[in-house]
Amino acid sequence: MGKHQYSTIVTGLPAYSGEWSYAQAAHLLRRTTFGPTKTAILAAAGQGMAASVAALLANQLPPEPPLNPGVTEDPFVAVGESWVDAPVDEQGTLNNYRVQSFRSWIFQQAMTDETIKEKMVLFWQNHFGLTFNGNARVRYMWNSLLREFATGNFRELVKQVTVHPAMLVFLNGTQSSANSPNENYGRELLELYTIGKGPQIAEGDYSNYTEDDVRALTRALTGWRIENINPQAPGLTPGSFFQSNRHDTGDKVLSYHFNNQVIQDAQEDEYKNVVDILLNELETARYMVREFYRYFVYYDISDQEETEVIEPLAQFFYDSDYDVAATLENLFSSQHFYDILNRGPLIKDPMNYIMSIVRPFGFDHVTDATLASDYLFYQRLYARVLDAGMDYLSPPTVSGWEAWYQAPSYHRNWINASTLQQRTRNTDQFTDIGLNGGGGVRYSIDFVGWIANLENPFDPNTLIEEITRILLPQPLVQEQLDALKDFLIPGLPDFEWTDEYGAYLSDPTNNMLFTSVENKLKDLFRAIFGLAEFHLS
Amino acid sequence: MNRRNFLRKAGLLGIPLAAAPLNVSFTRALSTLVDPDDDKVLVLIQLSGGNDGLNTLIPLDQYVNLNANRAALMLPENSLINLTDNQAFHPNMTGMADLFNDGKLGAIQGVGYPNQNRSHFRSTDIWTSASDAEEVVTTGWLGRNFASDHPTYPENFPNEDYPDPFAIAMGSQVSQTCQGTGVNFSMALNDPFNVTSLAVGGDTPLPDTPYGEELGFLRTSIGQANAYGAVVQERAEAGNSLVDYPDNGFANALKNVAYLVSGGLQSKVYVVNLGGFDTHASQVVAGNPQAGEHAELLQTLSDGMAAFHADLAALGLEERVISMTFSEFGRRIAANDSLGTDHGSAAPLFLMGSCVAPGFLGSSPEIPEVADVNEGVAMQYDFRDIYGSVLQDWFNLDPADVSAVLGHDFVHLPVLSLCDVVNSTETDTQTEELTASVYPNPFASRINVSLVSDGSQAELSIFDVTGKRIELVFSKRLAAGRHRFFVDLENQPAGAYFVRLQMGTRTLSKRIVKSK
C-alpha cells in the first residue's frame, strides 16, 4: 500500500497572462475572502497576480483561541482567558456560553482574516457536513483541524478526519466494531468525502464503488473509540484511541473499481491505508476539484470545462499529492479563473453575503468596543447568517448545504422569497442602525467616514462609481448609476452634493450636517445593497 | 370586534398627554394612530429641490417690488392666471387654477419653520421628520405613527389584519417621511403592474453571460419575494382610471395611485416625488420668463394634479383622498445672475381635493423694494401645524396623540373642510385679518408692537431675512384686549427683519428695517 506514482508531468491550467489591474484583483479577493476592502483590492492590484495569490495562500500562525468574553461564573476560566482546554460543569451551563463564544470567534476570524483560510474552513465545514452537538471544546478541536489543513494536504486531512473524536461521534465510528460494524462513516467517506457517488450502473454499483466496498472499508476502520468527550475535570483531553479487540483483523477485499485490492490487517495504521487507496484514484481528485470549482468559480460545469478545466486541474491535484494550496494557486493563476464569463455569476452564500455588507467597511471606528461587545457583535453576525439560511456549525445534513451540491440549481438554492426578505432586512438594519454589541456599544457602518477615503467623494458620479466598483462584481450600466445618484441627491444637480458634503467637512462636529449627509449616504447604500447585483460575487 | 373602537379605547387609557421630546425614541405603543378602519388616504407630493413659491403663486399686490428684485424672471402680469384680486398662478398652472375655482385647492402662505436651514439635506430631514431646526430626529413624521402602532414591523407582516403596505412611495426609493425607528414603513414601487422590477435597475438589459443569467434569476426572485408585491399587483389590476393623464413619469405615478386606491389597496399614504426644483440657473429662458425649467415643472405638477383629482372625482374617491405638496424650502426673493434663484426660506404649500378648505390661509408675502441678497420669504405658518391638523382632521387622531407623535404642541389650522364643495371665491377662509402696528419703521434700536388680542394663544418673534429666529418675545395666552410690547434689537446689526405674530390660527408678518 503506498502512494501513487507520478505518472505524468502536468502543469494544470493555462496561466493567465492578461492585464492585471483593479478588476482582476477585486475578482480574486471577492472569491477568496469574505468581502474585500478597498485597501486590500488596491494592494493586490499593485503587487501583481503571483504575489497576490501567494499572499492569499501563505501559511498563517493559528489564531489566538476563543475567550471567555465576560462570564464571571466560570470557575475554570477567568474572563479574557481561553476555555478551549478547560473542563465543563455537569449541567452544561458553561458549555452554553462557550458555544456562543466559539460562534463569535469563528466570525471574528472571518472578519479579520486577509487570506483564503477562513473561506477554506467554511469549504471543509461544508465538505464534511459535520455537526457536533456536544462540548464546545470538541467543536473547537474539529474547527482547528479544518483550519490547520485549510490549504494543506488533503490526504493528511482525510486521515485525521477519519479518527477525529468529533467525526467518530458524528458518523458513529466509535460504535463500529468487528462484531457490529457501523457503515455510516465508511459510506460517507466514499460517497461524499473522497471519490464520490456516481450513477448507479448495476445493483449496488455506483460507478466508482460498490456496496461491498462500503462494507469492506467499514470493517477496516473498526476499532476506533472516543475518550473524554465531555471532560468535567482538569487534565482530561477529548480524543480518540485505537482499541485492538474491536478491530476487524480479517482481509477486506475491494471491488473491481479498486482492482480487487485486499486490505490486510494493519491495526491502528489501517485507516491510513484506506485513505491512500481512495486517493490513489484519480476520480477522487476529479470529485474534489469539481467541488473547488463550484465553490470558487461557478456551479455550472459544461462538457468543455470538464475537459479543459476540471480534468487538467484534477490531474494537477493528483500529481501534487493532493496539495490544496498548490492546486488553488494553479486555479487562481489560470486564464479560466479571470475569464470575464466567470466574473460575477457566483451567488453569495449567506455568510459571504452578510460579511460582504460589513467587511468592506470595518468597525475600527467603534472605539468603545470591548471584548464582551465584540463577542456579542460577532454572535449576532452568526445569527444573521443563520437567519439567511446557514447555521455555520450545523450543516443541514452530512452532504452539507444544498446549494453546494444539489444539481441543477446549486447556488440558486440560497435564494427564495424568505431568504431574500431576510437578506433585505439585514441590509436595511446594517444600513440604518447596525448591530448592538451591548453595553451601549453599537456596531454601525461609518458611511460618512468611509467615503472620505475614496478617490473623489465630492463628485457624486465618481463617488457612486467607486463605491459600486468596490462592492459589486461587474460595472453597472449608466442608467443604474443615474438611478443610484437619485438616491443620494434626489432631483438635485450634482453640485448640491459637493456643497452639502463640503459643508459637513468644513464643520465636521456639527451633528446636523453629519446626520444629513449620513442619511443621504444611507439611502444610497440601501439602494446599492438592494441591487440584484449585490447578491453576486 | 370593531378594531376602531378597540383602538380608541386603548388610546384613551394609554396615552401620555404630555408631548415627549422627539429625540426620545418612540417605543411605546400609542395605539390610536392611523386608524386601520378609516379609509382616508393622503397623497404627499414632494417637490424636491426647493420650489420657488414666488414664481408659483404670485402676489399681485407685491408685483412691482417683486419685479424690482427679479426682473429677469418676472412673468408678464397679463400672462398670470388670477385666482383672486391679490393672488395669481403661473400661466402654466391652468389645471391647479381650475381646481382652485372648483373649490378643491387650498393654499397656505409662507409655510416654513423657525431657523430655516438652507441645506437641501438638512431641511429635507426637518420636513420629513417634523423636527425642530436644531434637533436631529431620524424617524419620519408618518413613520413614527406607524411604528408606535406596529413596533414589531416587519416581523409577521403582512398578515390578515394588515395585508397591505402602510405606505407606498412611488419610485425606487422609500420615503423618509415613513421612516420608523429601525425600518421604513413605505414600500418603494415603480410599477404596480410589474412588481418584478422592484430592484433598482431591474429593467436594464442583461448580458448573455452566466452573470446575466444569474442576475436575471435574482431580479425575478427579488420581485417575487417582495412581501407586498402580489397584493399590490392584484389591487392595481382590480383598480381603474377614468381620465387621460399627461404622458410623463409624475402623472403616471399619480395614475398608478388612482389604480391602487380604486383597486382597494389599504395603504394610508402615498408619496409621489417631482424633482428638479433646485433652479439656481436657467429657471427661465432669457427674455422669455414664461418658458424654462420652472415653467415646465409647474406644468407637469399642475396638469398631473388636475388629472389626478379629475380621476378621483370620476372614480367616486374624492372624499377619501387629499393631496398635499411640500418642498424643503422656497427660494430667495432676488434673482441671481444665472437666470435663477438660490435657496430661500418659506413658500406656499398646497392642499388639493374636495375635502380641503379652499382658498387662502395667510397673506401675500411682503416684498421690499430692495430685498437683501440673502432674503427669503418670511414664515407665516409652521409646517408642523399643517401636519398636525391633517393628522387630526383627516386621519381622525386625538390631538393629544398628534402632539405626542409630532413631539410638541401644534396649532390646529382650518386647512380641511367637510368635503362639501363650494365655490372658493364665495368663501372667506380668512376670518378677520390679524393686525398689529409696529413702529417706528425704520427703527434705530427698539420697536413697539401694539396688538389686540382675542384671548387665544399668541406668539411674537423676530426673524432675520434668512429665516433665523433671533428672538422669541413671548409664546403665551394673552388676555383679550390691547397689548403693547417693546422689543429691543439694539445688539442686532442694521438691516431688515421680520416681526412675526401668531394669534390662534392667524398670523402676521411685518418687515422692519434697522437703520445704520
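Nothing in this text is a laboratory measurement; each read-out follows from the coordinates by a stated rule. Note that this is a predicted model, so its numbers are computed, not measured. Please note: Cβ atoms are built from the backbone with ideal geometry, for glycine as well, and neighbour counts cover all protein chains shown.
Annotated for chain B: lysine pairs at least 8 residues apart or interchain, Cα distance under 26 Å, count 13. Remark: the Cα gyration tensor places the range B:270-392 in the oblate category, a/c being 1.5 or greater and a/b not exceeding b/c.
If you count the DSSP beta bridges with both ends in chain B, what percent of them are antiparallel, to the nearest 5?
The antiparallel fraction comes to roughly 65 percent.
The orientation-averaged projection of the convex hull spanning the C-alpha atoms of the range A:130-199 amounts to 5.5 square nanometres.
Treating the beta-carbon of each Lys and Arg as +1 and of each Asp and Glu as -1, no other charges, what is the dipole magnitude of chain B about its Cα centre, to the nearest 20 debye?
The calculation lands at about 1580 debye.
Our helix-only sum for chain A, with -39,500 (n - 2.57) per DSSP H run of n ≥ 4 divided by its residues, gives a mean residue ellipticity at 222 nm of -14500 deg cm²/dmol.
Annotation for the range B:375-398 versus the range B:437-457: alpha-carbon center distance of 26 Å. Using Cβ point charges alone (K and R +1, D and E -1), the dipole size of chain A about the Cα centre works out to roughly 680 debye. When the Cα positions of A:Gly434, A:Phe487, A:Val517 are compared along the charge dipole of the range A:396-537, A:Gly434 comes out farthest toward the positive end, with charges on each C-beta of Lys, Arg, Asp and Glu. Under the classification rounded if a/c is under 1.5, otherwise prolate if a/b is larger than b/c and oblate if not, where does the range B:369-516 fall, given a ≥ b ≥ c as square roots of the Cα gyration tensor eigenvalues? Since a/c reaches 1.5 and a/b is larger than b/c, the shape of the range B:369-516 is classed as prolate. Consider all pairwise Cα distances in the protein assembly as shown and report the whole-number % of them above 51 Å. Counting every Cα pair in the protein assembly as shown, those more than 51 Å apart make up 35 percent.
Overall form of the range B:209-283: oblate. Here a/c, set by the Cα gyration tensor axes a ≥ b ≥ c, is 1.5 or more, and a/b is not larger than b/c. The shape of the range B:142-252 can be summarised by an equivalent ellipsoid whose semi-axes, obtained from the alpha carbon gyration tensor, come to 26, 20, 14 Å from longest to shortest. From largest to smallest, the equivalent ellipsoid semi-axes obtained for the range A:449-535 from the alpha-carbon gyration tensor read 22, 13, 12 Å. A helix-only calculation puts chain B at -7500 deg cm²/dmol for mean residue ellipticity at 222 nm, using -39500 (n - 2.57) for each DSSP H run of at least four residues, averaged over all residues.
FRET efficiency for the B:Gln457 to B:Val513 pair, using the beta carbon distance and R₀ = 41 Å, is estimated at 0.90. Considering the range A:345-440 at the alpha-carbon level, its Rg and Dmax are found to be 14.8, 48 Å. Divide the volume of the convex hull around the Cα atoms of chain A by the residue count and you get 157 Å³ per residue. The GluC sites (Glu not before Pro) of the range A:190-229 meeting both criteria, a DSSP state outside H, G, I, E and B (loop) and at most 15 other C-beta atoms within 10 angstrom of the site's C-beta, are A:Glu203. Dividing the Cα radius of gyration of the range B:436-514 by 2.2 N^0.38 Å, with N the residue count, gives 1.04.
Antiparallel beta bridges, as assigned by DSSP with both residues in the protein assembly as shown, represent about 70 percent of the total such bridges. Taken as Cα centroids, the range A:216-249 and the range B:150-226 sit 54 Å apart, rounded to the nearest whole angstrom. Over all orientations, chain B has a Cα convex hull whose mean projected area works out to 25.7 square nanometres.
With the Kirkwood sum run over all distinct C-alpha pairs, the range B:183-334 has a hydrodynamic radius of 17.8 Å.
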